[in-house]
Amino acid sequence: MTMKNIAAGDVLAERTTKEIAEAEGTAQMGKGKFIALEGIDGSGKSTQIQYLAERLKEREIRCYTTFEPTYSPIGAVIHQILSGRVKTDNRALAALFVADRMDHLLNEVNGIAPMLEEGITVISDRYYFSSYAYHGVDMPMDWVISANSQCRDIVRPLATVFIDVEPDTALERIAKNRFHKELFEKKSRLIQVREKYLEAFEKQKDLENIIIVDGNRPPEAIAEEIWGRLEKYFL
Ligand code: ADP
Ligand code: TYD
C-alpha cells in the first residue's frame, strides 16, 4: 500500500498485542491496556478521549486519561517553547519530548507503566507517533523513531487511533476556542504534519496496531466508530 492509498477507515496492520509481541519479542507491559489517540492539533482527540473513557466507565473498566506534553517540569519547558516564550533548536525540542515521554511512562506517582501494572487502562492524548509526525517535518523521521525506541520498548500501545481531519477544519475548530496560536498551528505546518503521520503509519505498519478514523464528522459518529474498532479488546 502506498502512502496516498491510506484513507480514513483503513486499518493498518490491525493485530492483537499478542501477535505483535510474538512477532517482535516484546509485550505490552502489565495487565492494563494502553490506547494512544493521535491527530493534528484541533482534530478532536480530547473530545474523543472523553467519549471513550465514558464507555469504559460504563463497563466498570478502571481507566486513566492522560496527555503529552505533560505537566511535569520537562513538560513545562516544552509548553514555554511551544508558546514562543522560550526559543530552542528543533532537535533540542524533539529530545525534550523524549525526556517528557520517558517520565510520563516511568514516574512513580502517575506513570503509565505503573498504572498498567496495576491493571488500569490508560488512554493518552498523543504518544510517540506525535513525535514522528511533528518532528519528522524538520529532521529525518528515522532519527526521531530511533530516539523514541526505548519508550516503544517500555510500552507499545494496544492501538493507536488516528483521527484524520482536514487541516482547514482543525484550524476553524481551534480558532473558535483559543486566543493565541501555538507553534505548530499554522495551516501549512498542519498539512505537513498530517502527511508525516501518514508516512509514519506506512513505515511502522508491521510493528504497530494503527486505526485511522474520519474525523470530519460529528463527534458522536466518530466516537461510535472508535468504540466499534476497540470494543473487541475489552470483551
Ligand atoms: P484536540 O484535543 O485534538 O486538540 P479537541 O477535542 O480539543 O481537539 O477539539 C477542538 C475543538 O473542536 C473543541 O472546541 C471541540 O469541542 C471541537 N470538536 C471536537 N470534535 C469535533 C467534531 N467532530 N466536530 C466539530 N467540532 C469538534
Ligand atoms: P497541545 O496544546 O497539547 O495541543 P493539542 O491539544 O492539539 O494536543 O500542544 C501539543 C503540541 O505539541 C502539538 O502541537 C503537538 C506537539 N507535539 C510535538 O511536537 N511532539 C510531540 O512528541 C508531542 C507529544 C506533541
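When only residues in segment 142-174 that are crowded, with 18+ Cβ neighbours inside 10 Å and closer than 16 Å to residue 189 by Cα count, which is nearest to ligand 2 (Cβ to nearest atom)?
170
For segment 130-164, which residues satisfy the criterion of being within 21 Å of residue 211 (Cβ to Cβ) and in a loop (DSSP other than H, G, I, E, B)?
Within segment 130-164, 148, 155, 156, 157, 158 meet the criteria.
Which residue out of 168, 142, 138, 164 is under 23 Å from residue 227 (Cα atoms), of a type in the set (D, E, K, R) and in contact with a helix residue (DSSP H, G or I) (Cβ under 9 Å, 6 or more places away or on another chain)?
Result of the check over 168, 142, 138, 164: 164.
So the check is Cβ under 8 Å with 6+ separation or different chains; which pairs have a first residue in segment 213-227 that's in contact (Cβ under 8 Å) with a residue 40 or more places away in the chain and a second one that's in a strand (DSSP E or B) and more than 16 Å from ligand 2 (Cβ to nearest atom)?
Pairs that qualify, where the first residue is in contact (Cβ under 8 Å) with a residue 40 or more places away in the chain and the partner is in a strand (DSSP E or B) and more than 16 Å from ligand 2 (Cβ to nearest atom), are 222/213; 222/214; 226/211; 226/213.
Quick check: anything in segment 205-221 more than 12 Å from ligand 1 (Cβ to nearest atom), in a helix (DSSP H, G or I), of a type in the set (S, T, N, Q) and surrounded by 18 or more Cβ atoms within 10 Å (Cβ to Cβ)? Even if it seems obvious, please write down each step before you answer.
The initial filter retains those residues of segment 205-221 that are more than 12 Å from ligand 1 (Cβ to nearest atom), namely 205-212.
Now restrict to residues that are in a helix (DSSP H, G or I): none.
Within segment 205-221, not a single residue is more than 12 Å from ligand 1 (Cβ to nearest atom), in a helix (DSSP H, G or I), of a type in the set (S, T, N, Q) and surrounded by 18 or more Cβ atoms within 10 Å (Cβ to Cβ).
Any residue at all in segment 159-175 that is away from ligand 1 (no atom under 16 Å from the Cβ) and closer than 23 Å to residue 101 by Cα?
yes
Within segment 112-120, can one find any residue that is surrounded by 21 or more Cβ atoms within 10 Å (Cβ to Cβ), of a type in the set (A, V, I, L, M) and near ligand 2 (Cβ under 10 Å from one of its atoms)?
Scanning segment 112-120, I find no residue that is surrounded by 21 or more Cβ atoms within 10 Å (Cβ to Cβ), of a type in the set (A, V, I, L, M) and near ligand 2 (Cβ under 10 Å from one of its atoms), so the answer is no.
Readers should treat all values here as calculations from the given coordinates under stated rules, not as data from a laboratory. All values derive from a computational prediction rather than experimental measurement. No Cβ is skipped: glycine too gets one built from the backbone with ideal geometry, and neighbour counts run over all protein chains shown.
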